[in-house]
Amino acid sequence: MKIAVLGAGAIGAYVGAALHRGGAEVHLIARGEHLKAIRAHGVRVNSPRGDFVAQPHATDDPAEVGAVDYVFLGLKAHSYPSSGSLIAPLLGERTAVVAGQNGVPWWYFHKLAGPYEGRRIEAVDPGGATSRVLPPERAIGCVVYPATVIEAPGVIRHLEGTRFSIGEPAGGVSDRCTALSEAMVAGGLKSPVEPNLRDDIWIKLMGNVAFNPISALTRATMADICGHPPTRRLVTLLMEETLDIASRVGSTPDISIEKRLRGAEGVGHHKTSMLQDLEAGKQLELDAIVTAVVEMADISGADAPTLRAVHAATDLLARSGQRA
């Protein structure tokens, strides 16, 4: 099995190292000092589950790699439309693309039976630009649960979690998902093939759509947000509205809001990815995590007043940061 990891950052390098450890042929596509360190010393993973080093091939030129069986995307979703020159050399006739992204994927309504089948979500597929680069029929959905950070170039700190849920947009259990799951498990990861992955997407999105924007607006950690009664109530309202939108587009995630809150509390004083990006001066993942959910509220007729208010404030924050 030949796998390319495009965007071998904190999650991408962790996945690539695990897959390589499990016996897959892995090619990491990275850049800068991170790439130099990986080439020299491999990827070092420091983890409470046990440290290890993997030495997959690493490059900044996808043309060196050529067509692969799977491309794992470690890029942020907002960079997908402009990544065509990087992705094209990796695509063969049967190459599957596994998007380890936060938020709503560009393929969400692809092969989803019902009134919205085939509908494009402009926030994540502007003018169809993402679909032109990443045809939805290539997509394998992936919900990423682990928390990782780049501790130093070539060094990944794995904080918690090993689960990468995967699934077909059309539902069911396919051969290509089963084969990928087996490779992930061989590398020490959990990778259940979910017949209805969209429910998993909403379970994670319940947290992301609430904690990410609030953390960016307040600079607070997840534990801070949960421990402050007014913001805990705000999170609850956002989760209630998110579940309403999910049900309107055909998903019924099997998790209570209180359980989701307890899970967030258990993470402790962790900065969300959006807060980390804000502090680093990077573009916020607002479109996939919040804007797309607001668009789905529009599509499905949901009011979602709290979500709209938080989105408005965070959108202004993002625009102000881009002008700075």
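The values are calculated or read from the model by the stated rules, or taken from the named source; none is laboratory data. Quick caveat: nothing in here was measured; it's all calculated off a predicted structure. A quick note on method: Cβ atoms are made from the backbone with ideal geometry, for glycine too, and the neighbour counts reach across all protein chains shown. The accessibility values were calculated without ligands, DNA or RNA, using every heavy atom of the protein model including side chains. Shrake-Rupley method; radii C 1.70, N 1.55, O 1.52, S 1.80 Å.
Shape class of segment 208-278 from the alpha-carbon gyration tensor: prolate, with a/c at 1.5 or above and a/b greater than b/c.
Where the eigenvalues come from the Cα gyration tensor of segment 65-199, what are the semi-axes √(5λ) of the equivalent ellipsoid, largest first, in whole Å?
Over the Cα atoms of segment 65-199, the semi-axes work out to 23, 19, 16 Å.
Once you reduce segment 198-236 and segment 269-323 to the center of their Cα atoms, the two points are 12 Å from each other. Using only alpha-carbon positions in segment 259-303, the gyration tensor eigenvalues give semi-axes of 25, 19, 5 Å once each is multiplied by 5 and square-rooted (largest first).
Accessible-area rank, largest first, for 41, 158: 41, 158, with all protein chains present and a 1.4 angstrom probe. Taking a ≥ b ≥ c as the square roots of the Cα gyration tensor eigenvalues, segment 164-211 comes out oblate, since a/c reaches at least 1.5 and a/b does not exceed b/c.
Here is how the number arises for the chain: DSSP H runs of 4 or more residues each give -39500 (n - 2.57), the sum is divided by the residue count, and the result at 222 nm is -13000 deg cm²/dmol. Of 2/36; 111/282; 204/282; 190/271; 111/204, which sit over 27 Å apart, Cα to Cα? Where the Cα-Cα span goes over 27 Å, the pairs concerned are 111/282.
When peptides 289-298, 176-185 are ranked by their average number of other Cβ atoms within 10 Å per residue, the highest-first order is 289-298, 176-185. In terms of its C-alpha gyration tensor, segment 1-160 has a prolate overall shape, because the principal axis ratio a/c (a ≥ b ≥ c, square roots of the eigenvalues) is not below 1.5 and a/b outweighs b/c. Each label was represented as a point 7 Å from its Cα along the Cα-to-Cβ direction; for residue 252 and residue 147 these points are 3.2 nm apart. Across all Cα atoms of the chain, the radius of gyration (one decimal) and Dmax (whole number) stand at 18.8, 54 Å.
Ranked by the mean number of other Cβ atoms within 10 Å of their residues, highest first, the peptides 209-216, 302-309, 195-202 fall in the order 209-216, 195-202, 302-309.
Along the Cα-to-Cβ line of residue 67, 7 Å from the Cα, sits a label point; which residues in segment 1-27 have backbone N less than 14 Å from it? So the set is 2.
With N denoting the number of residues in segment 36-88, provide Rg(C-alpha) divided by 2.2 N^0.38 Å, to two decimal places. Mind showing how you got there, number by number?
Details: Rg = 13.9 Å, N = 53, 2.2 N^0.38 = 9.9 Å.
Normalised Cα radius of gyration, segment 36-88: 1.40.
With all protein chains kept in place, the per residue accessible area of segment 101-179 amounts to 40 square angstrom at a probe of 1.4 angstrom. Axis angle, to the nearest 10 degrees, between helix 32-41 and the longest C-alpha principal axis of the chain: 50 degrees. In a fully extended conformation the segment linking residue 116 and residue 57 would gain 17.1 nm over its present Cα-Cα distance, using 0.36 nm per residue.
Using a 1.4 angstrom probe on heavy atoms only, work out the carbon and sulfur share of the accessible area of the chain in %. Kindly include the intermediate steps, with their values, before the conclusion.
Numbers: 6750 of 13510 Å².
For the chain, the apolar C and S fraction of the accessible surface comes to 50 percent.
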